[in-house]
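The values are calculated or read from the model by the stated rules, or taken from the named source; none is laboratory data. Note that the structure is a prediction, hence the values are computed from the model and not measured. Positions of Cβ are generated from backbone atoms using ideal geometry, with glycine treated the same way; all protein chains shown enter the neighbour counts.
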């Protein structure tokens with residue numbers, strides 16, 4: 001499905017941990033070429049700061065980075081993945097063109113953000129994030 | 001026939017039961033999970049009870065859809081989207097009918113269970129809520145009491161299993177010998193349904 005928006009693709013990082021989501025976002029922006037509009041938001045932990053997943057934080061983050069070109073969502077484990085999938089399947093609060101990207105959390109976040117900052121469309125951002133699975137370390 | 005009031009009594013009954021059993025659910029979740037199942041579900045079903053007081057729910061579908069939405073947004077753990085999906089899919093399957101039969105509810109919950117299995121990727125025998133939900137939804141075609149018993153049996157029968165899905169799968173063989181917390185809370189949902197049907201003025205078909 002192609003997106004019709006003109007702005008950059010947004011990236012949302014959903015982790016059980018607010019600190020992990022935030023630090024991963026900082027890592028991704030730190031490794032991307034500067035200058036463009038920063039469109040990455042962390043949605044980590046629950047609303048009261050505990051470990052877990054908040055549907056409200058995910059929706060707010062996706063809306064904050066949505067410029068009409070789609071939103072790539074990366075999630076870490078268990079309820080983070082299940083909550084995003086459920087929001088996509090059962091609810092209509094996420095912006096149109098929001099997609100859960102199948103990717104490793106940290107490596108995928110960097111790849112997604114760098115490609116989004118370079119102007120890639122949602123399909124290309126998703127593919128770049130998924131390609132991070134191919135990066136073997138041993 | 002089962003009307004919206006019956007479904008509201010079921011969900012508030014489930015909230016009360018979850019509240020009473022929250023500590024037990026959390027202690028079941030301690031050796032094989034992250035010790036939050038009771039706390040999480042208690043938070044979710046408290047929100048369900050509050051929402052049912054505040055919002056209009058004219059049909060059985062509206063009750064289940066509202067409750068599912070509350071669970072998705074308030075639980076904070078994997079059981080939120082899983083139970084939320086169960087109730088929302090079942091609600092959708094019931095359509096706009098003001099009253100539904102027990103058999104229709106059984107079929108709707110069957111559709112909900114399938115959606116839960118697809119979401120979590122769990123099959124029967126993986127030591128998850130599916131092990132209680134699937135036989136219970138099927139037995140509901142027979143009677144409310146049969147569904148309660150099937151759910152309880154399904155939960156008890158998870159004890160010797162090794163977890164293959166969810167957080168408990170990380171502990172591998174050490175999950176053997178513990179009853180699954182998700183299957184246990186699923187049994188509470190069907191216990192509340194049977195109690196509602198047994199006690200209910202204007203709602204039971206038995």
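The lone criterion from (1) within 14 Å of chain A (Cβ to nearest Cβ); (2) surrounded by 18 or more Cβ atoms within 10 Å (Cβ to Cβ) left unmet by residue B:114 is number (2). When restricted to residues that are within 11 Å of another protein chain (Cβ to nearest Cβ) and part of a helix (DSSP H, G or I), the range A:54-67 contains 5. In the range B:61-76, the count of residues that are more than 14 Å from chain A (Cβ to nearest Cβ), assigned to a helix (DSSP H, G or I) and either over 13 Å from the mean Cα position of the chain (by Cα) or at pLDDT below 95 (or both) is one or more.
A single entry from B:8, B:20 fulfils the requirement of being at pLDDT 95 or above and buried (at least 20 other Cβ atoms within 10 Å of the Cβ): B:8. Which one of these is touching a residue at least 40 places away in the same chain (Cβ under 8 Å), surrounded by fewer than 24 Cβ atoms within 10 Å (Cβ to Cβ) and more than 14 Å from chain A (Cβ to nearest Cβ): B:57, B:50? Sole residue among the options that is touching a residue at least 40 places away in the same chain (Cβ under 8 Å), surrounded by fewer than 24 Cβ atoms within 10 Å (Cβ to Cβ) and more than 14 Å from chain A (Cβ to nearest Cβ): B:57.
In summary, residue B:58 fulfils each of the numbered conditions (1) part of a helix (DSSP H, G or I); (2) in contact with a helix residue (DSSP H, G or I) (Cβ under 7 Å, 6 or more places away or on another chain) with the single exception of condition (1). Give the range B:84-107 a look and list any residue that's buried (at least 21 other Cβ atoms within 10 Å of the Cβ) and either touching a strand residue (DSSP E or B) at 6+ places or on another chain (Cβ under 7 Å) or without any contact (Cβ under 8 Å) to a residue 40 or more places away in the chain (or both), or say none. B:84, B:85, B:87, B:88, B:89, B:90, B:91, B:94, B:100, B:105 - these are the residues of the range B:84-107 that are buried (at least 21 other Cβ atoms within 10 Å of the Cβ) and either touching a strand residue (DSSP E or B) at 6+ places or on another chain (Cβ under 7 Å) or without any contact (Cβ under 8 Å) to a residue 40 or more places away in the chain (or both). For the range A:78-118, residues that are within 14 Å of the chain's Cα centre (by Cα) and within 27 Å of residue A:137 (Cα to Cα) total 20. The set of residues from the range A:27-53 being touching a residue at least 12 places away in the same chain (Cβ under 8 Å), within 14 Å of chain B (Cβ to nearest Cβ) and assigned to a loop (DSSP other than H, G, I, E, B) comprises A:49, A:51, A:52.
Regarding residue B:191, is this residue touching a helix residue (DSSP H, G or I) at 6+ places or on another chain (Cβ under 7 Å), in a helix (DSSP H, G or I) and in contact (Cβ under 8 Å) with a residue 40 or more places away in the chain? Yes, satisfied.
For (1) within 14 Å of chain A (Cβ to nearest Cβ); (2) over 16 Å from the mean Cα position of the chain (by Cα); (3) assigned to a loop (DSSP other than H, G, I, E, B), each residue gets a yes or a no:
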site: B:90; (1), (2), (3): yes, no, no
site: B:97; (1), (2), (3): no, yes, yes
site: B:109; (1), (2), (3): no, no, no
site: B:128; (1), (2), (3): yes, no, yes
site: B:131; (1), (2), (3): no, no, no
site: B:136; (1), (2), (3): no, no, no
site: B:147; (1), (2), (3): no, no, no
site: B:151; (1), (2), (3): no, no, no
